[in-house]
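Read the structure below first, then the notes.
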Amino acid sequence: MAASSNSSLSGSSVSSDAEEYQPPIWKSYLYQLQQEAPRPKRIICPREVENRPKYYGREFHGIISREQADEILAGVEGAYILRESQRQPGCYTLALRFGNQTLNYRLFYDGKHFVGEKRFESIHDLVTDGLITLYIETKASEYISKMTTNPIYEHIGYATLLREKVSRRLSRSKNESRKASVTSEENTPVEKITSLVRRAALTQNDNHFNYEKAHNFKVHTFRGPHWCEYCANFMWGLIAQGVRCSDCGLNVHKQCSKYVPNDCQPDLKRIKRVYCCDLTTLVKAHNTQRPMVVDSCIREIEARGLKSEGLYRVSGFTEHIEDVKMAFDRDGDKADISANIYPDINIIAGALKLYFRDLPIPVITYDTYSKFIEAAKISNPDERLEAIHEVLMLLPAAHYETLRYLMIHLKKVTLHEKENFMNAENLGIVFGPTLMRPPEDSTLATLNDMRYQKLIVQILIENEDVLF
C-alpha cells in the first residue's frame, strides 16, 4: 500500500555517544491522509426555520426525511446538514455526505455537540473530525490494524534500557530479606533527544528501584501534529487524538496503550503533591525504596519518641498535623519536622498515620484485602502464618517494602512497651484500619472486619522477622 515507504523504522537506538544518536523516524502516512480528508461544507437552509434550537445555525433544515436530506447533499463530498426526525420530533440528526452516500448520525447536545465519545464546541469541528476519521479508517484500515506490530517503543531502546530495572520483580524468597535491589547503568550522556528517549536515558548516579508501575493513561487533546511514542504513527483527528500518561508524559494512541509495558517512570515535575499520591508513583518519581514521608517520620520518631507514652494512640493537634502534611507536599524530603519545629512527637506520628489513610490505594491493597481477611480467620496459628505470608507475596513491590519497613519500626515500638504502653495488639488496633480498607465503601463490612484488621497487623508486627 502507499504507506510502505513510511512504515519502516531506522535501526537507531540510544547510544552511549550523544553524537551517534539519531532521532526516530516518525511515520507520516496517516498525517498525509488527514491532509487529504474531505473538508466540511455546510449547506445552509434557504428559508428561516421555526423552532430552530438556539445551539444550531443555518445548517439546520427542520423536519425533513432522509430522502430529502440525501437530495440536498447529493454529489457534494463533505457536505452536511442538521435535521429533525420525522418519526421522533425533538430528536436531531447529522446528515453527512461521505463516500458517495449520505450517512446519518443521531446528534446530541449537553453544552457540547457529540455523536459518540468526543465532545465538540461547534458542529463544524465535529464534522471536520468525523470526516478525518472516516477517511483514514476507510483508506488505511489494514494499516491501522497492524500499527502495533513493529513498535518504535522497542526499537529505540526505551523498553530495552528499562526492562531489567522495571519489569523484573523483587525476589520472592521466604529466606531472603525483601529489600529492593538496586541497579545502575553506565553513563549515557544523551542530548537533544525526544521526550521518549529522555525517559530512557538513565545516568550512573541514579539508583532505579525495580518497582513495576503501569502508566496512568488519560484521554488527551494534542495541540498541533503529534506522533504516537509507541508505534511512531501520526495521531489523527482534531481532539482526543490519543492518551497521555499523567505521571510520565508518554503519548500514545488509545489502541497502542494496551501494549505499552508497565514501565512508567514518573516525572517529578508532574507529581504535584506527596499526600494522596499513589504509593508506587511517588517512590518512582523520587527514586526511593519507600515514600520519603515514611522514612522521615519513622527516623524522627525513633530518634526521640519510642518511649513516648501512648505513641500512635495519642493524637497530636490536627492543625499541626496538617502543617506537616503541607510541608511534605511543598518541600518533599526537605520538609523540616525536627523537634525545633514540632516538639510534640505525636504530631509526627499523626502525620505518618494520615499519610497512610490518604493513600488512594492502601498499603495492603484492595486486591489483596479479602485474602488477608480470609487468612486471619484461619484458626491454626502455623497455617494462618503461612497463608498471610502467601498473600504478602501478592503485594506490589513498593507496597511490600513500605509495609516491611513499617513493621520493623513497630516491632521496635513494642520493645519499649514498659515506657510507651504500646504492644502489638494496641498497635494493631491503631494501624489495622489505617493500612487496610475494604474495596467497597461499606460501613458494615468495615465493622465486621475490624478485629481481623487488628489481628493481621498484630501478627505482622510479632512475626516480622519470619514473614518478611
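Taking the criterion of being of a type in the set (A, V, I, L, M, F, W, C) and either open to solvent by less than 30 Å² (accessible area, probe 1.4 Å) or in contact with a helix residue (DSSP H, G or I) (Cβ under 9 Å, 6 or more places away or on another chain) (or both), the residues of the range 103-130 that qualify are Leu103, Leu107, Phe114, Val115, Phe120, Ile123, Leu126, Val127.
Just one of the numbered conditions (1) surrounded by fewer than 16 Cβ atoms within 10 Å (Cβ to Cβ); (2) at pLDDT 90 or above is not true of Gly224: (2). Here the range 452-468 is the region considered, the condition is being modelled with pLDDT of 95 or more and over 14 Å from Leu410 (Cα atoms), and the residue that is nearest to the chain's Cα centre (by Cα) is Gln453.
Across the range 434-451, the number of residues qualifying as part of a helix (DSSP H, G or I) and surrounded by fewer than 18 Cβ atoms within 10 Å (Cβ to Cβ) comes to 8. In the range 85-102, the qualifying residues are those that are in contact (Cβ under 8 Å) with a residue 24 or more places away in the chain and over 14 Å from Ile123 (Cβ atoms), and the one that is most open to solvent (accessible area, probe 1.4 Å) is Pro89.
The one condition from (1) free of Cβ contacts under 8 Å to residues at least 40 places away in the same chain; (2) of a type outside the set (A, V, I, L, M); (3) open to solvent by less than 80 Å² (accessible area, probe 1.4 Å); (4) under 25 Å from Cys276 (Cα atoms) that Asn380 does not meet is (4).
The C-beta contact set for the range 445-468 (first residue at positive phi, second residue open to solvent by 80 Å² or more (accessible area, probe 1.4 Å) and modelled with pLDDT of 95 or more, distance under 9 angstrom, 6+ apart or interchain) is empty.
Contact map, the range 35-46: residues that are outside the structural domain of Phe234 (by the TED database) and in contact (Cβ under 8 Å) with a residue 24 or more places away in the chain paired with residues that are open to solvent by 20 Å² or more (accessible area, probe 1.4 Å) and assigned to a loop (DSSP other than H, G, I, E, B), Cβ distance under 7 Å, separation 6+ or inter-chain. Pairs shown: Pro38/Glu77; Lys41/Val76; Cys45/Arg58.
The values are calculated or read from the model by the stated rules, or taken from the named source; none is laboratory data. All figures in this text were calculated on a predicted structure; none of them were measured in a lab. Backbone-built Cβ (ideal geometry, glycine too); neighbour counts: all protein chains shown. Accessible surface areas use protein heavy atoms only, side chains included; no ligands, DNA or RNA. Shrake-Rupley method; radii C 1.70, N 1.55, O 1.52, S 1.80 Å.
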